[in-house]
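J.: There's a structure below that I have some questions on.
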Amino acid sequence: MKTFLLFIAILFTACNGKEQDYRKAENALDAGREYVQSCLQGDFLKAAFYLVPGEKNSQLLKEAEKVYREKDKEGRQQFRLASINISEVTDINPSTTVIKFSNSFDKLPQTIQVVKKNDTWLVDLINTQHP
């Protein structure tokens, strides 16, 4: 019984430790980069950490994950190796920034909006094109 409880405690600590490794974004560009890089790496739990909470944003992230998971092994590897190419950063106001970018693999132009909510910079996918 003690062994089982120890196993559960270790498992619980390991599961909770993952999110604690994510650092809060210091600015809009940092939040956008962390989000996009997480998507390219296939780490959608980390991408969700940098996403404005809400059903619509969660749904859009799930769609992006589905597209990623449908790629073959080589396609996913190409995304993991891709770099982010930022073409434009526009500060709409002190709490909203629009970032236009592509990645070095598929080179498709994309746009995300980053907003500051409760002193935290997060990506808001609503009305933007996402990776």
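J.: Evaluate the relative contact order of region 24-124 (contact order divided by residue number), counting alpha-carbon pairs under 8 angstrom at least 6 apart; express in whole percent.
T.: Relative CO of region 24-124 lands at 32 percent.
J.: Please compute the modelled spin-label separation between Glu88 and Val67, points set 7 Å along Cα→Cβ, answer in nm with one decimal.
T.: Result: 2.0 nm between the two label points.
J.: Moving on. Residues of region 96-116 with backbone nitrogen within less than 18 Å of a virtual label 7 Å along the Cα-to-Cβ line of Tyr22, please, listed as ranges.
T.: Those under the cut-off are 112-116.
J.: Hey, which of these cross-link pairs are over 21 Å Cα-Cα: Lys56/Lys107; Lys56/Lys117; Lys66/Lys107; Lys24/Lys71; Lys71/Lys107; Lys46/Lys116?
T.: Lys56/Lys107; Lys24/Lys71
Values in this text are rule-based calculations from the coordinates and carry no lab data. No experiment lies behind these values; they were computed from the predicted model shown. Cβ: placed from backbone, ideal geometry, glycine included. Neighbour counts: every protein chain shown.
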